[in-house]
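Chemist: Please see the structure below; I have some questions.
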Amino acid sequence: MQLYNTLSAEERAKLIDEAGKERLTLSFYAYAKIEDPKKFRDELFIAWNALDALGRIYVANEGINAQMSVPADNLEDFRNTLEAYDFMKGIRLNVAVEQDNHSFLKLTIKVRHKIVADGLNDDTFDVTNKGIHLKAQEFNNLLEDPNTIVVDFRNHYESEVGHFEGAITPDVENFRESLPIINEQLQDFKEDKNLLMYCTGGIRCEKASAYFKHQGFKNVYQLEGGIIEYTRQIKEEGIKSKFIGKNFVFDHRLGERITDDIISQCHQCGKPCDNHTNCANDACHLLFIQCNDCKSAMENCCSTECLDIIHLPLEEQVALRKGLQVGNKVFRKGKSDALKFKSSGDLSTQPLGKVTTKSETKDIRQKIKVKKTLIGKAEHYYSKSKIAQFLIEKKELSVGDKVLISGPTTGDQEIIITQIYVNGGPCETAKAGDQITFELPFRVRLSDKLYKIGQD
């Protein structure tokens, strides 16, 4: 019986595209007593694998924490798999504001000691004595109360791109670090202040609110469903957003835009930017903010050292990744001396820029309407030779055409096609069904789309 993934991310992405069905990115969590997490894990894998549900899920004796991608057509069947367990009957699913069919490309369910690493001894306090849950409008109202202290229980790389007005944003790498720091900072406000807390989907605040009530805080409140649910409510009910910027998410998208405000900078040049990327050097994978110009110039790398490494022969790159010391450097969350414009800790909500949907010329009479036509999708990137592979799905692509390559991590990159290859040979024009390759100075991903740009 299959209890683990048998497909690579590339193979799964291809199947998703061939199916042509919309998928929903969602998350949920539940604290409950699970006697046999391994048995529970296997039951979920069998049920969800049959529904083509993908995601990253942690289960433990204390409950479940899940971020997933589910075919929209299978949503009700998926709900039924949850309803089969008493502790998940009627559970709220936090559905993403922005959808991406490639947000998750594997079904990974892991048994952990805890569903969130909090460093707490749950036997020392009542974990069920939680704070008061607030809906979006209630949260906004309390946020405006001068007697309120609002705390962001996320990490520095999350709060840097977006947070609530007036929030304390601890300069921490993980949730475990934030608890004692906040407890120490707020010792003088236990009796008379409203402690208002929030996180991405609510799970961190479930445990944090109980912990702070145990520490003696009298008035503890938490944002119900976190930023994800808050965003859904303000959009549906027309409520003014007190959250500024982008909400960092832990899937392929790396962020959902809440407001058009950009409150962070490209870590390399300082330009207003809030798009995260992972360093293209597989021995680094540093998470950092990078604008499209730096992405192109640095080829998705965080430093000149990493840029040099990705141009080495593949065998040498693999050798550089070996060893425990090297492994400990991989997937660092945005702290490096190479990042000149990194900000964390005491953050401002003053916008540095705005997201624009239209480009303007100096003379309005000379504005040109740009037509963007989807013609294909990315299939592979050969980093050693800097060759990108695309499948032309419709229309044609010719030498001399201007194209846009767009994706959550790649951003928007415009280039002019100077040479294309079909089946290994040079070609002037590629047609629907052709698999093409051409040189690109930057890495592309499976979720990237290829558009032809023309003028009306």
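Chemist: Could you figure out which of (1) modelled with pLDDT under 90; (2) open to solvent by 20 Å² or more (accessible area, probe 1.4 Å); (3) in the same structural domain as ALA50 (by the TED database); (4) not aliphatic (A, V, I, L, M) isn't true of PHE87?
Modeler: All conditions pass for PHE87, except number (1).
Chemist: Going through the range 218-241 one residue at a time, which ones are open to solvent by 30 Å² or more (accessible area, probe 1.4 Å), in contact with a Leu (Cβ under 9 Å, 6 or more places away or on another chain) and not acidic (Asp, Glu)?
Modeler: Matches in the range 218-241: LYS218, ASN219, TYR221.
Chemist: If ILE405 satisfies every condition in (1) surrounded by fewer than 20 Cβ atoms within 10 Å (Cβ to Cβ); (2) under 26 Å from CYS294 (Cα atoms) but one, which is the exception?
Modeler: For ILE405, the failing item is (1).
Chemist: May I pose another question? Of these, GLU191, GLU173, which one is surrounded by fewer than 20 Cβ atoms within 10 Å (Cβ to Cβ) and under 23 Å from ASP251 (Cβ atoms)?
Modeler: The unique qualifying residue is GLU173.
Chemist: Being within 28 Å of SER343 (Cα to Cα) and of a type in the set (A, V, I, L, M) narrows it down to one of VAL127, VAL161, so name that one.
Modeler: Result: VAL161 is the single residue among VAL127, VAL161 that is within 28 Å of SER343 (Cα to Cα) and of a type in the set (A, V, I, L, M).
Chemist: Check off (1) open to solvent by 20 Å² or more (accessible area, probe 1.4 Å); (2) under 22 Å from GLN67 (Cα atoms); (3) in contact (Cβ under 8 Å) with a residue 40 or more places away in the chain; (4) not small (Gly, Ala, Ser) for ASN129 and give me the number that stays unchecked.
Modeler: Just one mismatch for ASN129, condition (2).
Chemist: Scan the range 199-210 residue by residue and report those that are of a type outside the set (D, E, K, R) and out of contact with any helix residue (DSSP H, G or I) (no Cβ under 6 Å at 6 or more places or on another chain).
Modeler: The answer is ILE203, CYS205, ALA208, SER209, ALA210.
Chemist: Give the residue that is surrounded by the most Cβ atoms within 10 Å (Cβ to Cβ), with candidates limited to residues of the range 100-125 that are of a type in the set (S, T, N, Q) and under 18 Å from PHE28 (Cβ atoms).
Modeler: So, considering only residues that are of a type in the set (S, T, N, Q) and under 18 Å from PHE28 (Cβ atoms), the one surrounded by the most Cβ atoms within 10 Å (Cβ to Cβ) is SER103.
Chemist: ASN292 fails exactly one of the following numbered conditions: (1) touching a strand residue (DSSP E or B) at 6+ places or on another chain (Cβ under 6 Å); (2) surrounded by 20 or more Cβ atoms within 10 Å (Cβ to Cβ); (3) over 25 Å from ILE115 (Cβ atoms). What is the number of that condition?
Modeler: Condition not satisfied by ASN292: (2).
Chemist: Hey, another quick one. Which residues, counting only those in the range 439-448, are surrounded by fewer than 21 Cβ atoms within 10 Å (Cβ to Cβ) and either over 26 Å from LEU254 (Cα atoms) or touching a Pro at 6+ places or on another chain (Cβ under 7 Å) (or both)?
Modeler: GLU439
Chemist: Filter the range 19-34 for residues that are of a type in the set (Lys, Arg) and assigned to a loop (DSSP other than H, G, I, E, B); which is nearest to the chain's Cα centre (by Cα)?
Modeler: Among those that are of a type in the set (Lys, Arg) and assigned to a loop (DSSP other than H, G, I, E, B), it is LYS21.
Chemist: May I ask you to verify whether LYS135 is open to solvent by 70 Å² or more (accessible area, probe 1.4 Å), among the basic types (Lys, Arg) and within 14 Å of LEU196 (Cα to Cα)?
Modeler: Answer is yes for this residue.
Chemist: Shifting gears a bit: Would you tally the residues in the range 314-350 being surrounded by 14 or more Cβ atoms within 10 Å (Cβ to Cβ) and either at pLDDT 75 or above or over 18 Å from LEU286 (Cα atoms) (or both)?
Modeler: 13
Chemist: Sort out which residues of the range 174-210 are more than 27 Å from the chain's Cα centre (by Cα) and part of a loop (DSSP other than H, G, I, E, B), and write them in order of number.
Modeler: Correct list: LEU186, LYS190, GLU191, ASP192, LYS193.
Chemist: Now for a different question. Looking at (1) of a type in the set (A, V, I, L, M); (2) touching a Gly at 6+ places or on another chain (Cβ under 6 Å); (3) surrounded by fewer than 21 Cβ atoms within 10 Å (Cβ to Cβ), which is the one condition that is false for VAL161?
Modeler: (3)
This table checks each residue for (1) under 26 Å from ARG253 (Cα atoms); (2) free of Cβ contacts under 8 Å to residues at least 12 places away in the same chain.
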site: LEU3; (1), (2): no, no
site: GLU10; (1), (2): yes, no
site: ASP36; (1), (2): no, yes
site: ASP42; (1), (2): no, no
site: ILE57; (1), (2): yes, no
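Chemist: May I ask you to list the residues in the range 35-82 that are in a helix (DSSP H, G or I), over 16 Å from ASN5 (Cα atoms) and open to solvent by less than 70 Å² (accessible area, probe 1.4 Å)?
Modeler: Residues satisfying the conditions are PRO37, PHE40, ALA72, ASN74, LEU75, PHE78, THR81, LEU82.
The values are calculated or read from the model by the stated rules, or taken from the named source; none is laboratory data. Nothing here was measured: the structure is a model prediction, and the numbers come from that model. As a convention, Cβ positions derive from the backbone with ideal geometry for all residues, glycine included, and neighbour counts pool all protein chains shown. Only protein heavy atoms, including side chains, enter the accessible area calculation; ligands, DNA and RNA are left aside. Shrake-Rupley method; radii C 1.70, N 1.55, O 1.52, S 1.80 Å.
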